[in-house]
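For reference, the structure discussed in these notes is given below.
The values are calculated or read from the model by the stated rules, or taken from the named source; none is laboratory data. These figures come from a predicted structure and were not determined experimentally. Heads up, the Cβs are rebuilt from the backbone with ideal geometry, glycines too, and the neighbour counts pull from every protein chain shown. Ligands, DNA and RNA are stripped out before the accessible areas are found, and what is left, the full protein with its side chains, is counted by its heavy atoms. Shrake-Rupley method; radii C 1.70, N 1.55, O 1.52, S 1.80 Å.
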Amino acid sequence: MSMLREPVGCVVDPVGGGLVGHSRRYEKKIRDLSGIYRDVAAFDACVKKVGDELAYYVEDFRQSEDAGDLIFGTTWMAPGRIGAEYFMTRGHIHANGNRPEIYYAQSGKGVMLMESPEGATRLVELAPQTLCYVPPYWIHRSVNTGSDPLVMVFCYPADAGQDYGIIAASNGMASLVVADPDGGWHTRPNPDYAPRSADSAQRIYNQAEGGK
Ligand code: MN
């Protein structure tokens, strides 16, 4: 049995966000993102109006989920707001927590919102040609703070996995990215946030080598 896989080149559409030659695509409609916004009334009103519209889609290329392999692809995210919060991805931590990720912004403007297991917040502003490093163990979510689609290329270890439940378990991330009246944005504490206990933070580090 050959160890070899075939090399490929995949073309990125820097505006439309597609990856020509992708092996998988998934979409999130606005109605699929219930629970991630603090302003539930604004979310419900938005779903009534445009719930079937695309919030974001991902196209990726994955040959395997083997340790040492890579998965890469593109994310396209619509601009918009739910109350004061911007459109954003559901967000996750890697199930194998010590796996990092790289994002490279192609078009639009946004923020990579990151949170440590202990609840510290970090932001990296995203603009075309920004290369963002998400280190191991950071929960991450991208936020479209601009008025155009946000398009990014990403690459992560093929065995990283995603845990989407971690954010919901704390009633959201510790910090919200919200719009200013003047068109800018700022962060403020999430009033509903329930910090992880020291034990559950430690469990994230313990998962690094696949342990529980
Ligand atoms: Mn990730």
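Using equal-weight Cα scatterers in the Debye expression, the normalised intensity of segment 52-140 in log10 at q = 0.11, 0.26 Å⁻¹ is -0.35, -1.53. Comparing Asp192, Asp159, Asp13 in a Gaussian network model of the chain where C-alpha atoms under 10 Å apart are linked, the largest mean-square fluctuation is found at Asp192.
Distance from the alpha carbon centroid of segment 64-128 to that of segment 3-62 works out to 12 angstrom. Here's the thing: no aspartates and glutamates lie within a cross-link span of Lys49, going by alpha-carbon distance under 12 Å and ignoring same-chain residues fewer than 8 apart. The C-alpha radius of gyration of the chain, expressed as a fraction of 2.2 N^0.38 Å, stands at 1.02. Computed per residue of the chain from DSSP H runs no shorter than four, each worth -39500 (n - 2.57), the mean residue ellipticity at 222 nm is -3000 deg cm²/dmol.
The residues of the chain have, on average, 50 Å² of accessible surface per residue, using a 1.4 Å probe with all protein chains present. So which chymotrypsin sites (Phe, Trp or Tyr not before Pro) in segment 1-96 pass both tests, a DSSP loop state and at most 12 other Cβ atoms within 10 Å of the Cβ? Qualifying residues, ordered by number: none. Mean-square fluctuations from a GNM of the chain, with a 10 angstrom spring cutoff on Cα atoms, peak among Gly184, Gly51, Gly110 at Gly184. Just flag the GluC sites (Glu not before Pro) in segment 59-147 sitting in loop per DSSP whose Cβ has no more than 13 other Cβ atoms within 10 Å. Loop-located and lightly packed - Glu65, Glu118. Taking θ as phi - 60° and the Karplus parameters 6.51, -1.76 and 1.60, the scalar couplings of segment 133-143 work out to 9, 9, x, x, 6, 9, 5, 9, 8, 9, 10 Hz in sequence order, x denoting glycine and proline.
Largest first, the residues Leu123, Leu19 sort by 1.4 Å accessible area into Leu123, Leu19. Within straight cross-link reach of Lys29, meaning Cα distance under 14 Å, which aspartates and glutamates are found once same-chain residues fewer than 8 apart are removed? Qualifying aspartates and glutamates at Cα under 14 Å: Asp44, Asp52, Glu53. Across segment 1-91, the volume of the C-alpha convex hull divided among the residues equals 120 Å³ per residue.
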